[in-house]
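FYI, it's all coordinate maths here, none of it is from the lab. Predicted model only: the values in this text are computed from it and were never measured. Please note: Cβ atoms are built from the backbone with ideal geometry, for glycine as well, and neighbour counts cover all protein chains shown.
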Amino acid sequence: MKKSTVLVMLLTVFMGNFSITKLSAQNDVSATITYQDFYDNLSPYGTWIEYPGYGHVWRPSLEGDFRPYLTNGYWNYSDDGWMWTSNYDWGWAPFHYGSWIEDINYGWLWIPGYEWSPAWVTWGYVDGYYAWAPLRPGINIGIRYNSWRPQGNAWNFVRRENINDRNIESRIENNTNNRFDVGRINVIDNFNTTQNHNYYYSRGPELNDVEKYSNQRVQPVSVRSVNKISDIRFDGNQAAMYRPNVQNPQPKEFRRFDSQMNSNNINQDRVGLPANQQRDNIERLPVYRAPQNSFRSDGGGGGRRR
């Protein structure tokens, strides 16, 4: 009896320690990176721009049309909510940190952030569709954004039964000619907070709701952190994600708007220029390089024209 009691106690302690370790691994973040690491990793894939009112923003260099949280990716349900899984090599950063704006002359621009989440979007539903749209800057900072409404052309719509489709871009139904009345969208009030600064993010549709409409079982993805971008993996219902703490972001090289930007270029329900013309506009912007002595972990730095 005494031996059995001791064995049970030891097993209980072991299982308790195992559970604690597993929970810590799920909530843990990868290594801390500096602004130089952060920006240098994205520079080969796009252009950094000094944008009035938002500091340094990034535009991916892609052919054809691009929409964040739609192009070349899909949704996975994780323990932390619906997570955008990107097929781009650079997808670990712009879809899990920061926010997006759409400039009619330059296309979609990413504003860096410091906190990781499965996705920075607002979720809703209308009729038989789920809808989501990228958060604009500042919406996610410490407030619940269930009362905020994106512009009509920022929303993506897909039938509820297709939200878990791996080729979701082919399932999307755009809001052309205001087909969907965005004022009727019911915002999904389902929030979590991030690990470091308790910023609110939306978990998205409830799992049992999705399973009811899709008539299939959705296997949640288990997420763990890795310390290198090259270690990112998706294997069945296992995801190895690179999600470092980001400190003091500042790019070495960027482009700059020399004239005052027209604020009407963003957050408007207007059709933007064709994608190739937007890329040409980016290429015409003057290039600057930050002074070498600004690349240190505790400060920023201005810039000089190259």
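Using the average count of surrounding beta-carbon atoms within 10 Å as a protection proxy, the listed peptides 185-191, 97-103 rank, highest first, as 97-103, 185-191.
Given the convex hull of the Cα atoms of region 84-229, what is a quarter of its surface area in nm²? The partial results should precede the final answer.
Working: hull surface 38.3 nm².
Its average projected convex-hull area is 9.6 nm².
Among residues other than Tyr201 whose Cβ falls under 15 Å from its Cβ, what is the net charge (Lys/Arg +1, Asp/Glu -1)?
Details: positive: Arg136, Arg144, Arg203, Arg243; negative: Asp79, Asp80, Glu115, Asp189.
Local net charge: 0.
Starting from one equal scatterer on each C-alpha and no solvent at all, send me the Debye-based log10 I(q)/I(0) for region 85-169 at q = 0.15 Å⁻¹, two decimals. After summing over all Cα pairs, the log10 values are -0.62. When each of the peptides 152-164, 79-91, 232-244 is scored by the mean number of other C-beta atoms lying within 10 Å of its residues, the order from highest to lowest reads 152-164, 79-91, 232-244. When each of the peptides 132-138, 48-54 is scored by the mean number of other C-beta atoms lying within 10 Å of its residues, the order from highest to lowest reads 132-138, 48-54.
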